[in-house]
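See structure below.
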Amino acid sequence: MGEQLSKVYEPKTIEKLANEIWFSRPYFHAEAPPDRGGPSQKTYTIVIPPPNVTAPLHVGHALNNTLQDVLIRFRRMQNYNTLWMPGTDHASIATQTVVEKRILSEEGKRRTDFKREEFVARVQAWKDEYEARIIEQLQAMGCSCDWQRTRFTMDEVCTKAVRAAFFKLFKDGLIYRGKRLVNWDPATQTVLADDEVEHETVQGHFWYLRYPLAEPVQIAGQSIEYVTVATTRPETMLGDTAVAMNPADKRAEYLIGKKVRLPIVGRLIPIIADEHVVLPNPESDDEKARFSTGFLKVTPAHDPDDWEIGQRHSLEVVNVMAPDASISDKYGWEDAHSPEAQSLLGMDRFEARKAIVEWFRQENLLEDVREYAHEVGHSYRSHVPIEPYLSDQWYIAVKKPIEYLGEKFGQGLIEETDVPVNSLAGLALKPLLDDRLRFIPDRYAKTYQAWLEKLRDWPISRQLWWGHRIPVWTITFSHAHYKHSDETHEEAKKRHDQECETHVLKFLQLCGVDEEVSSYRSPQLIKGTFPFYVCGKIEKVDDILEMLSKILNHKGGRVSREQLKKYKANNDEFKAKFGEDAFKYIGNLRERIRTCTLDEDVLDTWFSSALWPFSTMGWPDDTPELKTFYPGDVLCTAREIITLWVSRMVMMGQYCADDIPFSDVYIHAMIQDGEGRKMSKSLGNGIDPLVAINSHGADAMRFTLASMTTDTQDIRMPVQKMKLPDGREENTSPKFDVGRNFCNKLWNASRFALMNLEGIDPDKFDKDKMTVTDRWILSRLEYTIEEVTKSLDNYKFNEPLNISARFFWNEFCDWYLEWVKPRMQDEQQKSIAQNVLAFVLDQILRLLHPFIPFITEGIFQKLNEIAPIRQLRGLAEAKKSDALVAAEWPKQLDFVDEKYKQERASIWNVQSVIRDIRNIRNEYNIPPSHKLKATLNMSAPGAESVTKDLNDNKELIIQLAGLAEIEIGIDIKKPKNAAAAIHEDRQLYVDDVIDFEAERNRLEKKKQQVEKAKKATESKLANKDFLIKAKPQVVAQARDKLAELSEQLEVVEKHLSELES
RNA sequence: GGGCGAUUAGCUCAGUUGGUUAGAGCGCACGGAUCACACCCGUGAGGUCACAGGUUCGAACCCUGUAUCGCCCA
């Protein structure tokens, strides 16, 4: 049968074979019993970090998913009910952007050339393509996900969860409308995400502008008439609403609270104290201090830092620009009355900059202009400088206490923070502090903690089309209202809107959805109205409001027959769906409601990601999956998304699903190229896992990645173009050779074993007939099983892989297989050797399977054919399985006792002697075919038992050292013309090979080595402090060492002198 | 600017609670078509553990500082 196996390991063949087996039965599927009664199996759950559907997976994903698969396969073999939930992320902005780019370059069209539904359909098509590719890649890597559960963040199941979570937040008063500065691209007029802003160093200027004080101030007898602010963006001064200075500034006590008259505009603005302001210091290393005047103009509407200052001091916000970044008084600037201000309206921001600087110059208010290189954010799309632009966005309040959670989690702030225990941030932070959540390696807990502690409200709306549409309807009411004599207009408007609001709620009640809606009214007047926000728990609410909106839009009067027909149809449909009463009530709303519209925006992509651990399992429904697999066990991810993703999953898990989604977070390395650079498309240094699989095989790739995964180091992976079998030139890495070589070795060793296992008979095994080599390899196996299991439990990856690989290669192949060869020719011994061989190989396959699943599965199948029963009768049994994927993880070999362990020393001595002989053979250039005669003199006290032992194992030495014979004894004289290898406790001689010159060199070298070691030990022992303070056994060890070294040195010297004579 | 990490052989990396002469793989050198494997076997050379201080009987390991590189956050 063995001859069926090719001489060289062929990944493709074996990958195909293994996949056929794995998909022939639901090995990867985790059953969630509808009723969890009875003895329940332990579960183990990992949800995949869903890859973005923007692009195919790269080698970083390959690492991430390899590690997850290792954990999953390990636990599955340990008989856990194991679920690995797969899926992909819609990645709203990233995906929309790549599709927009593609459409622009291929068709010359922009997003706005499409209807929203059309465009979304285009993105959907892209998603379908890449989702399929990603799943193909994951399967090619061998990921044992529960494929029939594959989810997508925008599929029906996840969408339902998003809706439910959003509603819950809305109802709990945690979602609100607020203002925020966004990265605005004035050229394309779109919002950019932070990572779409490219920072470029620009050679610009600092302009020093004088702002006159409203009234002169006396400081130390001097009359101060103005303050000087330094700015890189003079055009924003039109929106200044304060001048800030550091309270530590000596001038502060005279100036804080005073007013400044803003040039051009004439606005009176206060001087305020804020520690953000950099104190001036011409000597400082800090460039900002050198350029600072100590006075900072504050423009909350046009600068993120200023926005913060504005928030802290409740400053007015004056937006002086239109969306195209021209100066405008139509977007919040209400005091542009002066002729100078009027003349600036309509100017582009850079034109305005020139005009304003010129104006200051002419008015003698321009104090200085200095060169200044600074970072300016540019749009990665239009390459124009981005404009921080004020806009209305939806937020989640993350530090607002949630009353009803107080019972469960307590009240008040988490110690040393401003985070309430029962706020969303608290829900994420507390589990870490309580050790319910841990990071591996634990240093990443800091990142998580720090981020949560200074967390600010989460802006969740995005001005995009691809994503979960925000399920909020904004209803505004008519302007018509009566004003009571004692009311302001605003108060009257508020009262009026409140009345309207009750009508809307009454209407929804008549529609039968009053339990399914939540609403809130804007506390602020926006464009003359207080918008009323309505969120429905179910889609029915959307239907109602959409139809209502259509019906209200019909204003009567002269309309076409067509429109009238449509209107009537709408009415009829509404009546049919929601009843006559509700329909009649629309009359009450007709004159009151001005607009009723569904929000245009979509949710931040992390919103649905935050729900991923339970949305995929059917939350909010109480599904068997949730009961069985939630909370899960571990999240495995890269460190870049600890804040954006991990924290939000914990937060939402606790908030929505009543528990944190996992207890362990394993953070793995990042993969860099050979120069330590991040892999990226633009550098062209990325590696496609499919290419690596093509060039080296999936197992080889996995082996290499796992063997490089440690807690501390990022992975450097030299990238090299390689010609693939199909002729393409693609990036792969020579590092994968390591894995491929290993697989080839495993393949061939197994092939050898299989060839020798014909006719194996488990009944012919007799444990008392095992040789020392059998017991030795079993004791090494026992050690390996223990270590590998332990280190996998602790999220080590390189360690278990290296331990099992070394056991396989350096012990099993290099020694055991070599010693087994002659036994296979001996009918007596063959049966014993066969059974041990089959058993050990079986266990090796099991240990390696999580790392290199394909090849181990392939070999396991062959092993099942040739040696279906692998056991050591009376000692151990490898439990049968049709497939390795479902086989049992190796159990501890309890029969390996002290006696076995003592025998390890025997083999160690044998190996040491063999190495000595091989060394001499090499140094004297003696061909392997030349059989040597060797003599071994044992010199240590009490050497009798070792000598006997070695004599018993003589054959093992003769066999692997290429000897004709060896004499082993005590007090044997050195034969004439023999080369020597000298140790503390023994001297080995190889007869009749002497080359005096070479031998002298060898011995001299040895002598130096020993002398050096001896000196070091002597000086240590000469140190009194060492004798007193070091642990006694350390001192004793040193004494023994010295004695041994002295003796060794004596022998070496003796041999040297003999050479002379 | 703040935080985290790294710096050990030519390269990529290990190095457990401080304790013999600091390890592996690749590469290099030498030898090898032996009936599993040349993607192999055997042997060997190769290190001032980034630098400077400190703690200690003893430091690659602990502490302080410096330099360089990487990442995250502002």
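So for the stretch A:709-725 (the condition being more than 8 Å from RNA strand B (Cβ to nearest atom) and modelled with pLDDT of 90 or more), does at least one residue qualify?
Taking the stretch A:709-725 and keeping what is more than 8 Å from RNA strand B (Cβ to nearest atom), we get A:709, A:719-725.
If we keep only those that are modelled with pLDDT of 90 or more too, we end up with A:709.
Scanning the stretch A:709-725, I find at least one residue that is more than 8 Å from RNA strand B (Cβ to nearest atom) and modelled with pLDDT of 90 or more, so the answer is yes.
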Practice problem: Mind counting the residues in the stretch A:834-850 that are out of contact with any Asp or Glu (no Cβ under 7 Å at 6 or more places or on another chain) and either under 18 Å from A:ASN756 (Cα atoms) or within 12 Å of RNA strand B (Cβ to nearest atom) (or both)? | Solution: 11
Quiz item: Only one of A:PHE807, A:PHE736, A:PHE812, A:PHE765 is away from RNA strand B (no atom under 13 Å from the Cβ) and aromatic (Phe, Trp, Tyr); which?
Solution: A:PHE765
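Being away from RNA strand B (no atom under 16 Å from the Cβ) and open to solvent by less than 20 Å² (accessible area, probe 1.4 Å) is true for just one of A:TRP473, A:TRP458, A:TRP465. Which residue is that? It would help to see each step written out before you state the result.
Working: A:TRP458 fails: away from RNA strand B (no atom under 16 Å from the Cβ); A:TRP465 fails: open to solvent by less than 20 Å² (accessible area, probe 1.4 Å).
From the options A:TRP473, A:TRP458, A:TRP465, the qualifying one is A:TRP473.
Check whether at least one residue in the stretch A:39-48 is in a loop (DSSP other than H, G, I, E, B), under 17 Å from the mean Cα position of the chain (by Cα) and modelled with pLDDT of 90 or more, and report yes or no.
Looking for residues that are in a loop (DSSP other than H, G, I, E, B), under 17 Å from the mean Cα position of the chain (by Cα) and modelled with pLDDT of 90 or more, one finds at least one in the stretch A:39-48, hence yes.
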Self-check item: So A:LEU589, is it farther than 23 Å from A:VAL472 by Cβ and in the same structural domain as A:THR529 (by TED's automatic domain parsing)
Solution: no
Self-check item: Cross-chain or 6+ apart pairs with Cβ under 7 Å, the stretch A:295-313 first and in the same structural domain as A:ASN281 (by TED's automatic domain parsing), then of a type in the set (Gly, Ala, Ser) and in a helix (DSSP H, G or I)
Solution: A:VAL298/A:GLY310; A:THR299/A:GLY239; A:PRO300/A:GLY310; A:ALA301/A:GLY239; A:HIS302/A:GLY239
Quiz item: Which one is least open to solvent (accessible area, probe 1.4 Å) among residues in the stretch A:546-560 that are charged (D, E, K, R) and assigned to a loop (DSSP other than H, G, I, E, B)?
Solution: A:LYS555
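Only one residue in A:ARG102, A:ARG116 is free of Cβ contacts under 8 Å to residues at least 40 places away in the same chain and out of contact with any Ser or Thr (no Cβ under 6 Å at 6 or more places or on another chain), so which one is that?
Testing whether each residue is free of Cβ contacts under 8 Å to residues at least 40 places away in the same chain and out of contact with any Ser or Thr (no Cβ under 6 Å at 6 or more places or on another chain) leaves just A:ARG102.
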Quiz item: A:LYS288 versus (1) more than 16 Å from RNA strand B (Cβ to nearest atom); (2) among the basic types (Lys, Arg); (3) open to solvent by 70 Å² or more (accessible area, probe 1.4 Å): which is the lone unmet condition?
Solution: (1)
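Can you spot a residue in the stretch A:559-576 that is in contact with a Leu (Cβ under 9 Å, 6 or more places away or on another chain) and not acidic (Asp, Glu)? Show your work before the answer.
Start the filter on the stretch A:559-576 by keeping residues that are in contact with a Leu (Cβ under 9 Å, 6 or more places away or on another chain), which leaves A:574.
Those still in the list that are not acidic (Asp, Glu) too: A:574.
There is at least one residue in the stretch A:559-576 that is in contact with a Leu (Cβ under 9 Å, 6 or more places away or on another chain) and not acidic (Asp, Glu).
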Practice problem: Please verify whether the stretch A:811-819 includes one or more residues that are open to solvent by 10 Å² or more (accessible area, probe 1.4 Å), over 30 Å from A:ASN79 (Cα atoms), of a type outside the set (Ser, Thr, Tyr) and not in a helix (DSSP H, G or I). | Solution: no
Quiz item: Inside the stretch A:979-1022, can you point out the residues that are assigned to a helix (DSSP H, G or I), more than 13 Å from RNA strand B (Cβ to nearest atom) and open to solvent by 20 Å² or more (accessible area, probe 1.4 Å)?
Solution: A:PHE996, A:GLU997, A:ARG1000
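Does A:LYS821 qualify as being within 10 Å of RNA strand B (Cβ to nearest atom), farther than 18 Å from A:ASP842 by Cβ and not assigned by TED's automatic domain parsing to the domain that holds A:ALA706? If you could, list the steps in order and put the result at the bottom.
Details: within 10 Å of RNA strand B (Cβ to nearest atom): yes; farther than 18 Å from A:ASP842 by Cβ: yes; not assigned by TED's automatic domain parsing to the domain that holds A:ALA706: yes.
Judged against the criteria, A:LYS821 is a match.
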Quiz item: Looking at A:GLY653, is it assigned to a loop (DSSP other than H, G, I, E, B), among the small types (Gly, Ala, Ser) and either over 30 Å from A:ARG740 (Cα atoms) or more than 18 Å from the chain's Cα centre (by Cα) (or both)?
Solution: no
Quiz item: Any residue at all in the stretch A:1045-1061 that is within 8 Å of RNA strand B (Cβ to nearest atom), assigned to a helix (DSSP H, G or I), surrounded by 15 or more Cβ atoms within 10 Å (Cβ to Cβ) and touching a residue at least 60 places away in the same chain (Cβ under 8 Å)?
Solution: yes
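The values are calculated or read from the model by the stated rules, or taken from the named source; none is laboratory data. Since the model is a prediction, treat every value here as computed from it, not as a measurement. Virtual Cβ from ideal backbone geometry, glycine too; neighbours counted across all protein chains shown. Surface areas here come from the heavy atoms of the whole protein model, side chains and all, with no ligands, DNA or RNA. Shrake-Rupley method; radii C 1.70, N 1.55, O 1.52, S 1.80 Å.
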